[in-house]
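Below is one structure; the comments refer to it alone.
The values are calculated or read from the model by the stated rules, or taken from the named source; none is laboratory data. This one's a predicted model, so the numbers in the text were calculated from it and none came from an experiment. Ideal geometry is used to build each Cβ from the backbone, glycine not excepted, and the neighbour counts take in all protein chains shown. We work out accessible area using only protein heavy atoms, side chains counted, and drop any ligands, DNA or RNA first. Shrake-Rupley method; radii C 1.70, N 1.55, O 1.52, S 1.80 Å.
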Amino acid sequence: MIRIREAAVAGSFYPADPGELQSTVRRLLDAVPVVHGPAPKALVVPHAGYDWSGSIAATAYARLQEHRQRFRRVVMLGPCHRVACPGLAASGADAFRTPLGEVMLDPDSIDVLQHAGVVALDAVHRSEHSLEVQLPFLQCVLDSFTLVPLLVGDAGAAEVADVIERLWGGPETLVVVSSDLSHYLGYAAAQDLDSHTCQAIEALDGGSISHAAACGVAPLRGLLMVAHRRGMRAVTLDLRNSGDVSGDRHRVVGYGAWALLEYEPCAHAA
């Protein structure tokens, strides 16, 4: 019997009907100008409802389309909003289900996670949206892939970085960190704080990002620590807030998307 983690926010954060969901994701991706370039090793994406942050997330996922056969494993980290989590929580499920079908979890990562002190806590995953909302995008832009879903609670950057390093893999592995930015500030104040966060991400300086600046600050700091060690480059793809979407600028939530690229030495002529 396959253990399934059922979709928890289909019909609220994104459409529950498979056809409508696929056309929604396709419309968001098609609105992104085509950019050819190297495959990102990691993405930072928002996790609000598609009406709010879907267009921002699409700027990151569109970068994967020409590399859809490259990635066969996705390591995904996000914050827990509903159930407190000590450290990092894996899932005891065999697959995560969305209206577009099931995504199998990667069995080869289970032993790695156990040795890193990560435990399976299904109660943390059951109703959490920060990872789930990423899956329909991945299902539309990648061919077959397995998933390593991790929710990050009370964990330091070094602890998260160690887990990411253990799961880093090679070209077949994509790392996705799910995080929104500032919450419920006025429009101008949100722009200022989100701009500072953007600069910190581009500088790979997770220590400069506060808890007030990003709800996924713990996984974000861990990823940036790894990226700094590895000499990676962060490229800003989009930076907006809910006021830009709805027009209501009284209390807004910030959203951003970044691609992290591994260093590739230039080829020298013989």
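The condition (being open to solvent by 50 Å² or more (accessible area, probe 1.4 Å), over 24 Å from Phe145 (Cα atoms), among the aliphatic types (A, V, I, L, M) and modelled with pLDDT of 95 or more) is satisfied by just one residue among Ala203, Ala190: Ala203. The single condition from (1) farther than 26 Å from Val217 by Cβ; (2) open to solvent by 20 Å² or more (accessible area, probe 1.4 Å); (3) of a type in the set (A, V, I, L, M, F, W, C) that Leu142 fails is (2).
Going by what's in this entry, would Arg240 be described as in contact (Cβ under 8 Å) with a residue 60 or more places away in the chain and in a strand (DSSP E or B)?
Here the answer is yes, as Arg240 does meet what is asked.
Take the conditions (1) under 19 Å from Arg233 (Cα atoms); (2) open to solvent by less than 10 Å² (accessible area, probe 1.4 Å); Ser182 misses just one of them, which is (1). Beta carbons closer than 6 Å, at least 6 apart along the sequence or on distinct chains, pair a first residue in region 63-90 that is over 17 Å from Gly169 (Cβ atoms) with a second that is open to solvent by 30 Å² or more (accessible area, probe 1.4 Å) and among the polar types (S, T, N, Q) for Arg82/Ser127. With respect to Leu105, determine if the residue is over 19 Å from Ala257 (Cα atoms) and touching a residue at least 12 places away in the same chain (Cβ under 8 Å). When the stated conditions are applied, Leu105 passes them. Quick check, is Ser210 over 20 Å from Gly54 (Cβ atoms) and polar (S, T, N, Q)? It is true that Ser210 is over 20 Å from Gly54 (Cβ atoms) and polar (S, T, N, Q). Against the list (1) more than 23 Å from Cys85 (Cβ to Cβ); (2) surrounded by 14 or more Cβ atoms within 10 Å (Cβ to Cβ); (3) in contact with an Asp or Glu (Cβ under 9 Å, 6 or more places away or on another chain), the condition Gly231 fails is (2). Scanning region 139-162 for residues that are acidic (Asp, Glu) and part of a strand (DSSP E or B) returns a single hit, Asp154. Scanning region 210-226 for residues that are open to solvent by 10 Å² or more (accessible area, probe 1.4 Å) and more than 14 Å from Asp194 (Cβ to Cβ) turns up His211, Ala218, Arg221, Met225. For region 123-138, a residue qualifies if it is of a type outside the set (Val, Ile, Thr), open to solvent by less than 10 Å² (accessible area, probe 1.4 Å) and assigned to a helix (DSSP H, G or I), and the qualifying residues are His125, Glu132, Gln134, Leu135, Pro136, Phe137, Leu138. Tell me, please, whether a residue that is over 15 Å from the mean Cα position of the chain (by Cα), in a loop (DSSP other than H, G, I, E, B), at pLDDT 95 or above and under 30 Å from Ser144 (Cα atoms) can be found in region 173-183. Taking every residue of region 173-183 in turn, none turns out to be over 15 Å from the mean Cα position of the chain (by Cα), in a loop (DSSP other than H, G, I, E, B), at pLDDT 95 or above and under 30 Å from Ser144 (Cα atoms).
Yes or no: Ser242 closer than 20 Å to Ala48 by Cα and surrounded by fewer than 18 Cβ atoms within 10 Å (Cβ to Cβ)? Here the answer is no, as Ser242 does not meet what is asked. When you check Ile164 against the structure, is it at pLDDT below 95 and in contact with a strand residue (DSSP E or B) (Cβ under 8 Å, 6 or more places away or on another chain), yes or no? Answer is no for this residue. Where strands (runs of 3 or more DSSP E) fall wholly inside region 15-122, the ranges with 1 or more residues that are open to solvent by 40 Å² or more (accessible area, probe 1.4 Å) and basic (Lys, Arg) are 95-98.
So is Leu220 part of a loop (DSSP other than H, G, I, E, B), touching a strand residue (DSSP E or B) at 6+ places or on another chain (Cβ under 6 Å), modelled with pLDDT of 95 or more and aliphatic (A, V, I, L, M) or not?
no
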